[in-house]
1. So how many residues does region 271-285 have that are of a type outside the set (Val, Ile, Thr) and buried (at least 17 other Cβ atoms within 10 Å of the Cβ)?
2. Quick one: in region 311-332, of everything that is out of contact with any Lys or Arg (no Cβ under 8 Å at 6 or more places or on another chain) and without any contact (Cβ under 8 Å) to a residue 40 or more places away in the chain, which residue is nearest to THR178 (Cα to Cα)?
3. Of all residues being under 26 Å from the mean Cα position of the chain (by Cα) and of a type in the set (Val, Ile, Thr) in region 81-119, which is surrounded by the fewest Cβ atoms within 10 Å (Cβ to Cβ)? Just the residue, please.
4. When you go through (1) surrounded by fewer than 19 Cβ atoms within 10 Å (Cβ to Cβ); (2) under 24 Å from ALA290 (Cβ atoms); (3) among the small types (Gly, Ala, Ser) one by one for ALA218, which number turns out not to apply?
5. Do any helices (runs of 4 or more DSSP H) entirely within region 241-327 hold 2 or more residues that are among the hydroxyl-bearing types (Ser, Thr, Tyr), and if so, which?
6. Only one residue in TYR320, TYR289 is buried (at least 17 other Cβ atoms within 10 Å of the Cβ) and touching a Phe, Trp or Tyr at 6+ places or on another chain (Cβ under 7 Å), so which one is that?
7. Quick check, is LEU210 under 23 Å from ASP302 (Cβ atoms) and in the same structural domain as VAL298 (by TED's automatic domain parsing)?
8. For region 46-53, state whether one or more residues are among the small types (Gly, Ala, Ser), in a loop (DSSP other than H, G, I, E, B) and either touching a Leu at 6+ places or on another chain (Cβ under 9 Å) or not assigned by TED's automatic domain parsing to the domain that holds TYR89 (or both).
Amino acid sequence: MHLIWATDDFTIGGRPYPGFPIVLHESMESAVEANQFLRHYLTRGAIGSNRSWPNTGRAIYDYFGFLEVHSLRWSDVDRGEEKTLVAAYRDYCLNDVNLARNTVRQRLHYICAFYDYSFRQGWVDRLPYNVEDRAVQRADKGFLAHLDAKGNRLAVRDVMPRHHKSLPKFLSKEQVKTLLAGTRNDHHRMIIRLALQTGLRREEIATFPLAYVFNPDARHGTRRNVKVTLDPQDGTGMKTKGRKEREIFVSRRFMADLYRYSVLQRGELAAKSPIPQKTLFLTQDGLPYANSGKSIEVMVRDNAFKVGIKSYPHMLRHTYATHTLVAAQRNIEAFGIDPLVFLQRQLGHASISTTMIYLHLINELVDTAVLSYDDEINDWLDAA
């Protein structure tokens, strides 16, 4: 099997789809059913972003490749064996390739969607899996939970691996200090600090506008935190998940550092660009970070590796969330708001149940001296 990516010449309904996944047999003939499914699934609103194209294409390609190697036909759903085609592929991924459960679940989601589509098209007369009720843990049942006749049970395809929810990984405070001390490039260091001190997503860091940075000392007020509105519609180029506007809080001290960076250091990169750029952070060529900040991912990993730490931008987000929640809960009366609600808003979670995972992380913290995570970073940087 082969997986190729379409060029600008590839069109669907008269519209070009560069980067669209196309699955081919070893003979270079089209895997017709697979490609028809991809066109349907990826262009009919089932997936709204082309960022999901690679994962969907690779899942279908890998499944068809698995079948081809084992001389199996995808449509042979009545093969009369105890293990279905999809179950055999699941076990191959888990036991032979040792893929992570979440990766396997994601692949099976797309493969099952392919079979659902095939069944509707009449290509197969039954599905190679059944649906079963499984018990689930619900962090947030909602005020209508008493009307849920099934209780904490959910209908799930039986081929799906049982969900063993792993806790997010985060850095200890000592690791944070080590990472910042080892990051010698001033531009990289400020990017890492923005992640550690706000919990922004990678794409949000990459598109964070220069216009959002100001001199807090020039504004009235003595509050320790300043409010910043992340608004994808304000013309600054800011991008958030789901294009949703939200307000975040940044410590006054860190905003002052961002302002000094924008005035004193950003200019050496901005001068390399023939036109003014809107983003606060620029590449070595003076341009905004492209592809949702993928090179920021590489930069964080490289700087962490140099000091013997494994880290990446989303782990920095987890680090911010975990230490901030600990600090807030230990000073909950002065905080003035439910710490979990504050963190949900700061991180931009649609549901507070997503945020509640950090409650479980708190029990793993062995450092009991956390009072103010943001202040500790700033104080350490001032003394360094």
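The values are calculated or read from the model by the stated rules, or taken from the named source; none is laboratory data. Keep in mind it's a predicted model, so treat the numbers as computed, not measured. As a convention, Cβ positions derive from the backbone with ideal geometry for all residues, glycine included, and neighbour counts pool all protein chains shown.
1. Result for region 271-285: 4.
2. Only one residue tops the list, namely LEU325.
3. VAL97
4. Checking ALA218 against (1) surrounded by fewer than 19 Cβ atoms within 10 Å (Cβ to Cβ); (2) under 24 Å from ALA290 (Cβ atoms); (3) among the small types (Gly, Ala, Ser), the one that fails is (2).
5. Once the helices (runs of 4 or more DSSP H) in region 241-327 are filtered for at least 2 residues that are among the hydroxyl-bearing types (Ser, Thr, Tyr), what remains is 252-264.
6. Being buried (at least 17 other Cβ atoms within 10 Å of the Cβ) and touching a Phe, Trp or Tyr at 6+ places or on another chain (Cβ under 7 Å) holds for just one of TYR320, TYR289, which is TYR289.
7. no
8. No - not one qualifying residue is present in region 46-53.
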